[in-house]
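Beneath this line is the structure, given in structure tokens, with notes to follow.
Every read-out reported here was derived from the displayed coordinates using simple, explicitly stated rules and does not represent laboratory data. A quick note: this is a predicted structure, and the numbers were derived from the prediction, not measured. Glycine gets a Cβ as well: all are built from the backbone with ideal geometry, and neighbour counts include every protein chain shown.
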Amino acid sequence: MGSFSIWHWLIVLVIVLLLFGKGKISDVMGDMAKGVKSFKKGLADDDEPAAKPTIDHKPSDVVSSSTDEKTRAS
């Protein structure tokens, strides 16, 4: 009762083929392969370091504008 013989597996295979058909099983396996490939690609994309954001303004502009505001407030 614990293990199945080759005849059990052949009967199960025949029933599965009759229910789903030969074409549907190959379609499902192809879709599964596409899913695995896209999953691996997604993991590979996460491993790449993110680009550092660039700042368009000059640091001297920030300092001069903050000192101008302080002098205006006085």
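Which distance in nm do the two modelled labels at Lys37 and Ser5 give, with both placed 7 Å along the Cα-to-Cβ direction?
About 4.2 nm, to one decimal.
7 Å from Cα along Cα→Cβ at both Ala44 and Leu19: what's the point-to-point distance in nm?
Using points 7 Å along Cα→Cβ, the separation is 3.6 nm.
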